[in-house]
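The structure appears below as structure tokens.
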Amino acid sequence: MPSRKIIVSTPMEILRCFSPERLADVLAIAARCATSRMMSDTILEISGLTKVYAGGTKALDNVDLSIRKGEIFALLGPNGAGKTTLIGAVCGIVRPSSGTITAFGHDLSNDWRKARARIGLVPQELSTDMFETVWRAVSYSRGLFGHPPDKARIEEILRSLSLWEKKDSQIRELSGGMKRRVLIAKALAHEPELLFLDEPTAGVDVELRKGMWEQISALRERGTTIILTTHYIEEAELMADRVGIIRGGKILMVDDKAAMMKRMGTTEAVFQLAEPLSELPASIAEFPVSLTDDGKELCYRGGDGSGSGSEQVAALTKALIAAGIDYRGIDIHDSSLEDIFVDLVSAREEETA
Amino acid sequence: MAFNIRGAWSIYQRELMRALRTAFQSILSPVLTTSLYFVVFGTVIGGRMEPVDGVAYGAFIIPGLLMLTLLGETTSNSSFGIYMPRFTGTIYELLSAPVGVAETLIGFVGAAATKGLILAAIILGTATLFVDYEIKYPLAAIGYIMLVAASFSLFGFILGIWADSFEKLGIIPLLILTPLTFLGGTFYSIDDLPGIWSTIAYANPIAFLVSGLRWTFYGTSDVSIWVSLGLTLGFLALCTGIIAFIFKTGWRLRE
């Protein structure tokens with residue numbers, strides 16, 4: 001849509017704003033902003049998505065998911081959980097067996113051209129045309145998605161991914177980390193509003209992984225909605241606004257990361273007692289604690305992901321001193337998204353077993 | 001966006017660039033092969049042959065040799081063009097892009113057909129070094145070459161989607177196309193074949209193609225140009241239909 005800028009800097013111009021045609025402009029823009037905010041709240045809507053492969057494998061089982069504009073959504077799951085199939089179904093690589101996918105208000109089963117022009121995909125595999133130069137590969141991607149050539153834009157993308165010096169190199173000459181960045185550059189060449197990153201940091205060393213995280217944050221700053229799959233929980237914990245946990249083709253849980261941490265997170269503190277205890281005094285027993293290792297250890301488990309656990313542990317230490325119970329050491333840690341994930345996945349396993 | 005013309009153009013450009021990158025293989029090797037045919041059949045053997053249908057033997061074999069190279073090259077070019085992305089996994093980009101069957105075909109097949117035309121020009125240029133010839137209907141010849149190049153690019157495209165190994169990719173051109181072209185009147189007029197063999201030869205569709213091209217060159221042919229033209233157009237339509245079906249069902253493209 002054409003953008004008409006209204007720049008107001010002087011009192012006269014403010015007055016001029018109220019001239020009928022200006023006022024119409026202002027109202028039109030305001031209305032557009034309002035409707036676009038309402039409409040764009042959900043950028044991708046998946047409902048009842050099922051995929052059964054020719055061999056009979058059910059890779060996706062009645063998946064419902066909606067993605068909000070501007071968020072980073074991490075899809076977390078073990079290998080073979082259906083993450084890549086889910087991405088493939090949205091991006092047109094996998095044909096869904098049933099269910100509907102709506103992106104930007106376009107139904108992907110018939111209005112796919114318009115939707116796909118606004119979606120970018122960075123695949124998990126390092127699949128590139130090895131003999132192509134970086135510059136040509138990225139320019140090709142831009143054209144393929146229907147955009148006119150724009151050297152300045154491609155230069156900007158290559159520079160932001162530290163690929164500018166390599167622009168004339170054939171892709172086969174690049175290192176693995178660089179190849180992955182070429183794939184990202186290709187996916188960004190058509191300025192997608194929704195970007196899928198399938199295991200963006202798989203097989204990437206720690207240094208590069210940090211760089212990748214910075215780049216993903218920078219993309220979000222620009223307003224790109226990002227869906228990433230990962231099995232590095234650290235990644236999801238660091239980057240994501242919301243986390244979805246997928247296993248066996250089913251979405252087990254979708255929640256704000258903070259809410260999930262708060263709801264399911266705990267603090268664990270283990271006190272090594274100087275003298276073994278057989279029972280706890282009342283002032284200590286009111287804490288969520290238990291004696292383990294034949295009374296040689298006092299184990300606290302409580303709180304939530306918001307930090308209330310560590311406050312309680314501090315109170316517990318004072319109570320122990322007051323009760324005259326001595327201890328030689330404290331081992332304290334907060335559960336991570338990883339613990340939550342492992343708990344959740346193993347709990348479901350027990351359920352189904 | 002109803003039709004992504006930039007997408008089609010990007011594919012077309014890239015495929016042509018790919019040919020330039022492998023210019024030695026794409027252009028020089030057919031030139032060399034054709035030159036060898038001219039030296040052996042045109043000059044050495046051809047010098048002892050009677051003219052066929054009033055055309056000197058060296059000139060008579062030009063349309064057939066052209067067809068031989070054209071069919072082989074456009075088929076393999078186009079089949080490689082789509083097979084390689086499937087093999088290396090880069091096809092993900094094409095599948096996720098806003099391009100449909102029309103853009104894909106215009107890109108891949110258009111490029112393969114263009115390469116076919118360039119190749120034909122090079123072969124005809126090479127031929128002038130060995131034999132004297134004149135093309136009776138140059139425009140018809142160009143049109144017919146384009147038509148054949150487009151048809152066999154489509155055929156190659158189907159082949160590249162069907163093949164799931166390099167072996168399968170090479171087997172059709174090697175075991176079917178090349179023998180049929182050799183037996184399709186490249187080096188002789190089908191009517192000169194003895195008895196039953198000439199009838200059998202007419203079961204070979206390539207014979208009609210060679211005959212059609214020969215008509216545009218010399219005005220003489222084994223079968224009417226309209227039969228050849230009709231057959232070529234029919235083949236073009238068939239291949240287009242198959243490809244449209246492949247895209248609709250996603251066969252071998254989308255899981």
Task: Residues of the stretch B:216-255 with amide N under 12 Å of the 7 Å Cα→Cβ point at A:Arg95 - done: B:245-255
Task: Contour minus Cα-Cα distance for B:Glu255 and B:Ala121 (0.36 nm per residue) - done: 44.2 nm
TODO: Quick one: among B:Ile171, B:Ile158, B:Ile82, which has the greatest mean-square fluctuation in a GNM of chain B with alpha-carbon springs under 10 angstrom?
DONE: B:Ile171
Open item on the list: Averaged over its residues, how many other protein chain Cβ atoms are within 10 Å of peptide A:136-148's Cβ atoms?
Closed with: 6
Open item on the list: Straight-line reach only, C-alpha to C-alpha below 18 angstrom: list the aspartates and glutamates that A:Lys69 could link to, leaving out same-chain residues fewer than 8 apart.
Closed with: A:Asp41, A:Glu45, A:Asp107, A:Glu191, A:Glu193, A:Glu221, A:Asp241, A:Asp255, A:Asp256
TODO: Return a whole-number percent for the relative contact order of the stretch A:133-245, with Cα pairs under 8 Å and 6 or more residues apart as the contact set.
DONE: 27
Task: Most mobile of B:Ile161, B:Ile91, B:Ile62 in a GNM of chain B (Cα contacts under 10 Å) - done: B:Ile91
- [ ] Tabulate in residue order the Karplus-calculated ³J(HN,Hα) for the stretch A:114-131, using 6.51 cos²θ - 1.76 cosθ + 1.60 with θ = phi - 60°, rounded to whole Hz; enter x for Gly and Pro.
- [x] 5, 5, 5, 4, 10, 10, x, 9, 10, x, 6, 6, 7, 8, 9, 6, 4, 9
- [ ] Between A:Ala314 and A:Glu156, take the C-beta separation as r, use R0 = 51 Å, and let me know the FRET efficiency to the nearest 0.05.
- [x] 0.55
Open item on the list: Using only DSSP helix segments of four residues or longer, with each worth -39500 (n - 2.57), what per-residue ellipticity at 222 nm results for the protein assembly as shown after dividing by its residue count and rounding to 500?
Closed with: -16500 deg cm²/dmol
Open item on the list: Need the list of lysines near A:Lys167 for cross-linking: C-alpha distance under 22 angstrom, and skip anything on the same chain fewer than eight residues off.
Closed with: A:Lys151, A:Lys179, A:Lys186
Task: Relative packing of B:230-243, A:220-233, B:5-18, which averages over residues the other C-beta atoms within 10 Å, highest first - done: B:5-18, A:220-233, B:230-243
- [ ] Pop out the ³J(HN,Hα) list for the stretch B:123-135 in order, Karplus 6.51 cos²θ - 1.76 cosθ + 1.60 with θ = phi - 60°, rounded to Hz; leave Gly and Pro as x.
- [x] 5, 5, x, 4, 4, 5, 6, 10, 9, 8, 7, 10, 9
Task: the stretch B:124-198-the stretch B:212-247 distance, computed between alpha-carbon centres (Å) - done: 11
Open item on the list: Let's test the formula: R0 of 45 Å, r as the Cβ-Cβ distance of A:Asp256 and B:Leu32. What FRET efficiency results, to the nearest 0.05?
Closed with: 0.10
Task: Label point distance in nm, A:Glu279-B:Arg86, each placed 7 Å from Cα along Cα→Cβ - done: 7.7
TODO: Filter the GluC sites (Glu not before Pro) in the stretch B:98-168 down to the DSSP loop ones having no more than 14 other Cβ atoms within 10 Å, then list what survives.
DONE: B:Glu134
- [ ] Shielding by partners for A:84-96, please: the mean number of other protein chain Cβ atoms within 10 Å of each residue's Cβ.
- [x] 3
Open item on the list: How far apart, in nanometres, would the label points at A:Asp326 and B:Ile5 be if each is projected 7 angstrom from Cα along the Cα-to-Cβ direction?
Closed with: 8.9
TODO: Name the long-range amide H neighbours of A:Arg95: under 5 Å, sequence gap of 5 or more, or other chain; modelled H, no Pro or chain starts.
DONE: B:Glu255
TODO: Hey, could you get me the Stokes-Einstein D for the stretch B:1-56, Kirkwood radius over alpha-carbon pairs, 4 °C and 1.567 mPa s, rounded to whole µm² s⁻¹?
DONE: 88
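Coordinate-derived values only; no laboratory data. From a predicted model like this one, the values you see are computed outputs, not experimental measurements. Here the Cβ is made from the backbone with ideal geometry for all residues, glycine too, and neighbour counts use every protein chain on show.
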